[in-house]
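Encoded as structure tokens, the structure appears first; notes follow it.
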Amino acid sequence: MGVEYLVARKTGKNYFGFSNSISNINVGIAERLFDTFTVGLFYFIYDYLNRHFAIFDIRSSILLWITLLILTDFIWYWYHRLAHEVNILWAAHVVHHQSEDFNYTVSARITVFQAFFRMMFWSILPVIGFPAAMIVSVQLVHGLYPFFIHTRTIGKLGILEYILVTPSHHRVHHASNEKYLDRNYGDLLIIWDKLFGTFTAEDEEPEYGLTKPLDSNSFLWQHFHFILEILFTLRQTKGFRARWKVVFGKPDNIDPTIRPKLEEIFLSRNRAGAAVRRLQHYVVWQIGVILSVLFFFLLFENYIPVFIQVCIALVILLTLVNSGAILEQRRWVFYLEYGRLLVTFIALYYWWPHPLLLLVFAMVQLPFFLYRTTIEQRYLRLLYGRIR
């Protein structure tokens, strides 16, 4: 990401918007965090299916490794295509398409919900007979390649355009231009799109993001807005068949007027004059600290008690919600800050249950309860400038 940013700046290309980049990285941090608790689960599911339901007893060989890679890519194509055509799958995948920038930060924009749906599709592989270790190993390799196709700094790649999914192909997939919609679903090989009639070459500059821009940096709204749209539509829909189409039909079946109504309920913003540079510095500082915390958390996970792991995960999630709320200029970020401090103290006391910590906590709590309104106003004024 850093190299791409430097190349873009050196060539005078504005490929990185601050808010989009922060939102993209935030989603990626959350996915890496939840992967800590779920990736092992996927392995055991594959292993269970293989041991109890395998049709063939497949052993490791070069030919079968290549076969597994091709099958993995083929299943990905159909998962990816259905993720654009089935509402319940789109609810998980839509997060990946929300950014109006297109750069390597977008490749981090994957949710744990999407990982679960992919696992369900790939569960056919252990039933065929591929061992869990082979499946997970190929998925690691297969998952690495698409990171490098989320870029505008690489042009067309000659003969490779006929074989692999290239940055040019994937720019089309992320475009909101009408001629580019729902095209180029491949992940590694472009042959599936050409075989099933979903291929389109890049011949005009793409515009990125959703056809109706999300217009929000809220971490929670980005993850759950389409789920809320489905639920809101279900509440208004009568009859089993109609409700089935809401959940398993195409996103086109969701009334486009629903989102503005939900935005009025969930996205009221404080538009007071904001010290933009100050906000950006604070958000960058938070994300830098949380990336460091996540790095050491993953590095020393086996040595950290489960309760402390949960506390660290909560602090990271609160920070991700907090940074998005700051960009949205929400007033309730004050309570997120307090929540982070409270969870941090609980983790420290669990680690070192000393009376001194309780004394310090009590000393901090007293002014908070006595002068909460004043402290909150000062904090918001420091963060946003003048508060209405």
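Just a few scattered comments:
- Residue within the range 257-267 that is open to solvent by 40 Å² or more (accessible area, probe 1.4 Å), among the hydroxyl-bearing types (Ser, Thr, Tyr) and at pLDDT below 90 present: yes
- Selection of first residues in the range 351-377 that are in contact (Cβ under 8 Å) with a residue 40 or more places away in the chain and of second residues that are hydrophobic (A, V, I, L, M, F, W, C) and surrounded by 10 or more Cβ atoms within 10 Å (Cβ to Cβ), restricted to Cβ pairs under 6 Å at least 6 apart or on distinct chains, gives the following pairs, ordered by first then second residue: 376/334.
- Of the residues making up the range 268-281, just one is at pLDDT 85 or above and out of contact with any helix residue (DSSP H, G or I) (no Cβ under 7 Å at 6 or more places or on another chain), namely 281.
Residue by residue, here is whether (1) hydrophobic (A, V, I, L, M, F, W, C); (2) open to solvent by 50 Å² or more (accessible area, probe 1.4 Å); (3) in contact with a Leu (Cβ under 6 Å, 6 or more places away or on another chain) holds:
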{"residue": "129", "(1), (2), (3)": "no, no, no"}
{"residue": "133", "(1), (2), (3)": "yes, yes, no"}
{"residue": "145", "(1), (2), (3)": "no, yes, yes"}
{"residue": "150", "(1), (2), (3)": "no, no, no"}
{"residue": "160", "(1), (2), (3)": "yes, yes, no"}
{"residue": "163", "(1), (2), (3)": "yes, yes, no"}
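- When the range 210-234 is limited to residues that are part of a loop (DSSP other than H, G, I, E, B) and hydrophobic (A, V, I, L, M, F, W, C), the one that is surrounded by the most Cβ atoms within 10 Å (Cβ to Cβ) turns out to be 214.
- Residues that are touching a Pro at 6+ places or on another chain (Cβ under 9 Å) and either surrounded by fewer than 21 Cβ atoms within 10 Å (Cβ to Cβ) or among the acidic types (Asp, Glu) (or both), drawn from the range 181-201: 187
The values are calculated or read from the model by the stated rules, or taken from the named source; none is laboratory data. From a predicted model like this one, the values you see are computed outputs, not experimental measurements. When we count neighbours, we look across all protein chains shown, and the Cβ atoms used for this are built from the backbone with ideal geometry, even at glycine. Side chains are part of the model used for accessible areas, which takes the heavy atoms of the whole protein and leaves out ligands, DNA and RNA. Shrake-Rupley method; radii C 1.70, N 1.55, O 1.52, S 1.80 Å.
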